[in-house]
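A short reminder: the numbers here are calculations on the coordinates, not readings from a lab. Keep in mind the model is a prediction, meaning the values are calculated, not measured. Note: ideal-geometry Cβ built from the backbone for every residue, glycine included; neighbour counts use all protein chains shown.
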Amino acid sequence: MKLPSSFHSALVVAAGSAAFAIAAVAQAPAAPHDHPPAPPPTNLQVLPKTMTGEQVHEVMHKWASSLGTQCGTCHAEDPSHKMPDGHAMLNYADDSKPEKATARLMVRMVMEINSQYIGKLDSAQPVSCATCHRGHLEPPEFVAPEHHYHAAPAAGEKPPAGR
């Protein structure tokens with residue numbers, strides 16, 4: 001299944017968000033839990049293997065929020081295990097959904113953008129999933145406001161002042 005290039009671009013931004021989220025989670029104090037702690041993560045291929053289940057859970061929720069989606073977008077259902085409400089549980093370690101591979105690719109891309117490019121700029125903000133997605137699975141197309149469009153000067157004309 002081939003995903004649209006816009007989906008790939010959006011996931012790249014998501015990867016940057018992931019790198020930023022990882023740093024934020026590592027510095028954040030532990031919050032009280034209203035639920036049992038998350039089990040230790042398995043099959044981590046991009047996120048650090050030293051992350052706790054709670055840290056991975058927090059990063060995943062930030063990514064889902066940045067893309068306006070739910071866990072089931074990338075994680076496959078496990079029909080052999082049911083939740084109390086009867087819905088199938090998700091198998092977080094399963095790699096069968098192509099969206100999960102795309103997400104990993106995008107996370108790597110965002111991490112590279114932040115380390116190789118943004119990190120070399122003075123006081124630049126790291127990119128994240130939300131930089132492009134802004135709460136949408138498919139990032140909305142950017143359309144510059146009309147006043148940003150300028151006609152090119154005709155041959156022999158000088159460009160307007162300030163350009």
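What to note about this one:
- Thr131 vs. criteria touching a His at 6+ places or on another chain (Cβ under 9 Å), touching a residue at least 12 places away in the same chain (Cβ under 8 Å) and of a type in the set (Val, Ile, Thr): no
- When segment 34-89 is filtered for residues that are among the hydroxyl-bearing types (Ser, Thr, Tyr), surrounded by 15 or more Cβ atoms within 10 Å (Cβ to Cβ) and under 16 Å from the mean Cα position of the chain (by Cα), the ones remaining, listed by number, are Ser66, Thr69, Thr73.
- Scan of segment 56-97 for residues that are in a strand (DSSP E or B) and among the hydroxyl-bearing types (Ser, Thr, Tyr), ordered by number: Ser80
- Considered as a group, the residues in segment 114-130 that are assigned to a helix (DSSP H, G or I) and over 17 Å from Leu67 (Cβ atoms) include one that is farthest from the chain's Cα centre (by Cα), and that residue is Lys120.
- Subset of segment 66-82 (residues that are within 19 Å of His136 (Cβ to Cβ) and touching a helix residue (DSSP H, G or I) at 6+ places or on another chain (Cβ under 8 Å)): Ser66, Leu67, Gly68, Gln70, Cys71, Thr73, Cys74
- Some residue of segment 60-74 being among the charged types (D, E, K, R) and under 18 Å from His133 (Cβ atoms): yes
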